[in-house]
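Visitor: Got a structure for you, written out below as structure tokens; questions coming shortly.
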Amino acid sequence: MTRWLVTGAGGMLGTDMVAALTSSGAAVTGLDRAGLDVTDAAAVTDAIARGRPDVVVNCSAWTAVDDAEASEDQALAVNAGGAANLAAACAGLGTRLVQVSTDYVFAGDADRPYSEDDIPAPRTAYGRTKLAGERAVLDRLPGLGFIVRTAWLYGAHGPSFAGTMIKLENQRPTVDVVDDQHGQPTWTVDVARQIIALVNSTAAPGIYHATSSGQTTWFGLAREIFGLLGADPARVRPIPSSALSRPAPRPAYSVLGHSAWAGSGLAPIGDWRTALRRALPELVAAQRPGNRQGAPVG
Ligand SMILES: NC(=O)c1ccc[n+]([C@@H]2O[C@H](COP(=O)([O-])OP(=O)(O)OC[C@H]3O[C@@H](n4cnc5c(N)ncnc54)[C@H](OP(=O)(O)O)[C@@H]3O)[C@@H](O)[C@H]2O)c1
């Protein structure tokens, strides 16, 4: 049986990664930050030498996009240094490594979906550190390293835009949401299942894009959530990004293409609306513990 190790197992994706592996019957060890700090090279080497996993999925990351602008060295230590430590430890043992990455490696100004081999050009400190993490894995683990880029994640086990909208629908008459950033809302459970399918397939190591299909804006996502909750979508009002001032610029267009999946014989994650509908009861239960039945609640 394949042995899996998940780092960053206390995070939003890491929690669902461990759960998906457990329910698939796999042998999995999940280590949260207290269990394994990926910036500690000796601890990483020791954990992998002792656990002898066949596959490591690195879900750990510095994910505070705005804070990274003023603390790029600290973000780099986790996002690149941590990935490099894991890759180095895996290299000697023939262990496969899945490094989770992001649409922020791209400039975010395209007018067609980014393909897996488009040239990255990050515009934020977070994006630069995540790109350095990708390169650390590809350089140290040729033939064993998978880069799985995702974007616009939501899940039951961490803060997300979707969770915030579910809360605000209950608290405010209207919400103003930016309507000029385009992306693919993606459920952490779908990413976890996609990673498992990828590793269990004969797909070649390399770069894969694990986002839902289709695209929308944050405004479009918020309206969809309100509709699914049984609330009036007109309570969500569009605003431009220029109305919000943030330390890190947000990509106007960061839709990811899915052509690498075809070469692997695997289907990409499906339509974002379908995934959101499936996820909603779990998201509502996480945000409104008194309403465990889930949607509709409006
Ligand atoms: N969320 C998104 O929309 C999104 C979009 C694109 C890509 N991604 C990528 O998806 C992956 C998972 O993100 P997520 O949304 O699940 O983020 P998350 O909830 O912030 O999880 C990241 C986890 O990493 C842990 N961590 C931080 N520093 C660590 C260290 N030095 N050693 C070990 N663990 C450490 C964090 O622990 P603490 O909480 O204790 O700091 C946290 O539990 C990341 O690679 C991220 O870049 C996320």
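Visitor: Exactly one of these conditions fails for GLY263: (1) within 30 Å of ARG140 (Cα to Cα); (2) touching a strand residue (DSSP E or B) at 6+ places or on another chain (Cβ under 6 Å); (3) modelled with pLDDT under 95. Give me its number.
Guide: The number of the failed condition is (2).
Visitor: Run down GLY30, GLY25, GLY51 and say which single residue is touching a helix residue (DSSP H, G or I) at 6+ places or on another chain (Cβ under 8 Å) and over 30 Å from ARG246 (Cβ atoms).
Guide: The conditions single out GLY30.
Visitor: Say we look at segment 7-25 and pick out the residues that are surrounded by fewer than 22 Cβ atoms within 10 Å (Cβ to Cβ) and near the ligand (Cβ under 6 Å from one of its atoms); which of these is nearest to ALA43 (Cα to Cα)?
Guide: The qualifying residue nearest to ALA43 (Cα to Cα) is GLY10.
The values are calculated or read from the model by the stated rules, or taken from the named source; none is laboratory data. Computed from a prediction, not measured in an experiment: that's the story for all the values here. Methodologically, a virtual Cβ is constructed for each residue, glycine included, from the backbone with ideal geometry; neighbour enumeration extends over all protein chains shown.
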